[in-house]
Amino acid sequence: MRTEKKKINQAVMLTIFALGMLLMSYAAVPLYKLFCQVTGYGGTPQISETNKYNSISQSISVRFDSSIEKNSIISFKPEKRTMKVQIGENNLAFFKTVNKSDKKISTMSVFNVTPLQAGKYFNKIECFCFEEQIISPMQEVSMPVSFFIDPAIKDDKFINDLKEITLSYTMYVR
């Protein structure tokens, strides 16, 4: 009788453990995304509603990069490849997308900042990323990215002399 109760307890514990692991696997992606947004880990830019900083006299070059799937039905590229920006100042860049097909499509973009350490200082105020974009056949769309570089980047001893930051987007057709 006692061994049977032990087996039942063991089965219950293993079931609870398995369910806990399953729940953790579903929670891992949103938790990791939240962690990256809060810390800037992995080149994830910060997301800000407004720029509360004053610009400083130093500038930095921001390079814009774009990529799409091979043989894609869209064209996706930055309108300007580079911008010289004042640190702490609001900036606006545009990416152009063209739907080259005869069908309405849905797209989604993801982004990254390099060098990775600069992600926590690169703040996006407005962005088309992680939002579904519906593009009509043969339509050309200009999508804005509003951003600023946090002046605290000059206090980071590892990247305080950084000359260029790259903001890279990848657009997927869904």
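The values are calculated or read from the model by the stated rules, or taken from the named source; none is laboratory data. Note that the coordinates shown come from a computational prediction; the quantities given were computed from them, not determined experimentally. Ideal geometry is used to build each Cβ from the backbone, glycine not excepted, and the neighbour counts take in all protein chains shown.
Summary of computed values
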quantity: In the stretch 96-135, residue surrounded by the fewest Cβ atoms within 10 Å (Cβ to Cβ) [restricted to those that are under 19 Å from THR82 (Cβ atoms) and among the charged types (D, E, K, R)]; calculated: LYS96
quantity: Residue list for the stretch 132-174, restricted to those being farther than 26 Å from PRO115 by Cβ and assigned to a loop (DSSP other than H, G, I, E, B); calculated: GLU132, SER136, PRO137, MET138, GLN139, ARG174
quantity: Extreme residue, nearest to ALA93 (Cα to Cα), among residues of the stretch 109-139 that are among the aliphatic types (A, V, I, L, M) and in contact with a helix residue (DSSP H, G or I) (Cβ under 8 Å, 6 or more places away or on another chain); calculated: VAL113
quantity: Any chance LYS124 is more than 19 Å from ILE56 (Cα to Cα) and out of contact with any Lys or Arg (no Cβ under 9 Å at 6 or more places or on another chain); calculated: no
quantity: Number of the exception - PHE130 against (1) at pLDDT 90 or above; (2) under 15 Å from the mean Cα position of the chain (by Cα); (3) of a type outside the set (A, V, I, L, M); calculated: (1)
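Here's the yes/no breakdown for (1) aromatic (Phe, Trp, Tyr); (2) part of a strand (DSSP E or B); (3) modelled with pLDDT under 95:
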site	(1), (2), (3)
LYS80	no, no, no
MET83	no, yes, no
ASP102	no, no, yes
SER109	no, yes, yes
GLN117	no, no, yes
